[in-house]
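Report on the following structure.
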Amino acid sequence: MSIGTPFSHCPRCWEHYDVCKCTESEIKEHEEDIKKMKETDKTFTIKCTMKDRWVPHFLAMLKYMAYLGRIGSSRQVTLYSDGDGDFHPKFEWDESLPADAKPIIDRGGDRTYDAG
Ligand SMILES: [Zn+2]
């Protein structure tokens, strides 16, 4: 369903509008929730466990994302996740956090999430 937004995917279910089954009222209600979320900062804790040698790479990615936000610049940030090597991170967080967003691109497992 398309209700005239400039996006190609539904902001509620994250499916492309061609396959989205959300009603117009569900999408509008969700868009109101998104507007409220855009105005509210949320601080939360993620517990990370990974090999010591990967910590600098992971922190560099987080710091770069924060830097881009500070300077108001848009870039793609990529972390190569070598799961058949020894990059086996474990993350724990509060399950009451919002549900995961779906990637806007998934090419054979290479995923892009849109934080813009
Ligand atoms: Zn939808």
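The values are calculated or read from the model by the stated rules, or taken from the named source; none is laboratory data. The structure displayed is predicted, hence computed values, not measured ones. Here the Cβ positions follow ideal geometry from the backbone for every residue, glycine too, while neighbour counts run over all protein chains shown.
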### Query
Restricting the search to the stretch 86-105, which residues are under 25 Å from residue 38 (Cβ atoms) and acidic (Asp, Glu)?
94, 95, 100
### Query
Condition test on residue 55, is it among the β-branched types (Val, Ile, Thr) and assigned to a loop (DSSP other than H, G, I, E, B)?
no
### Query
Does residue 102 fit the bill of being within 16 Å of the ligand (Cβ to nearest atom), surrounded by 11 or more Cβ atoms within 10 Å (Cβ to Cβ), among the charged types (D, E, K, R) and touching a residue at least 60 places away in the same chain (Cβ under 8 Å)?
yes
### Task
Could you pull out the residue among 104, 46, 71 that is of a type in the set (A, V, I, L, M) and within 19 Å of residue 15 (Cα to Cα)?
104
### Query
From 32, 26, 92, 39, which residue is loosely packed, with under 13 Cβ neighbours inside 10 Å and within 16 Å of the ligand (Cβ to nearest atom)?
32
### Message
So, in the stretch 42-73, exactly how many residues are touching a helix residue (DSSP H, G or I) at 6+ places or on another chain (Cβ under 9 Å) and touching a residue at least 40 places away in the same chain (Cβ under 8 Å)?
### Response
2
### Message
Checking the conditions here, which among 65, 61 is modelled with pLDDT of 85 or more, in contact with a Leu (Cβ under 6 Å, 6 or more places away or on another chain) and not in a loop (DSSP other than H, G, I, E, B)?
### Response
61
#### Entry: Residue satisfying condition, being within 16 Å of the chain's Cα centre (by Cα), of a type in the set (Gly, Ala, Ser) and more than 29 Å from residue 15 (Cβ to Cβ), within set 60, 115, 66
66
### Message
Testing residue 27 on (1) touching a Cys at 6+ places or on another chain (Cβ under 8 Å); (2) farther than 20 Å from residue 115 by Cβ; (3) outside any helix (DSSP H, G or I), one condition comes back false. Which one is that?
### Response
(3)
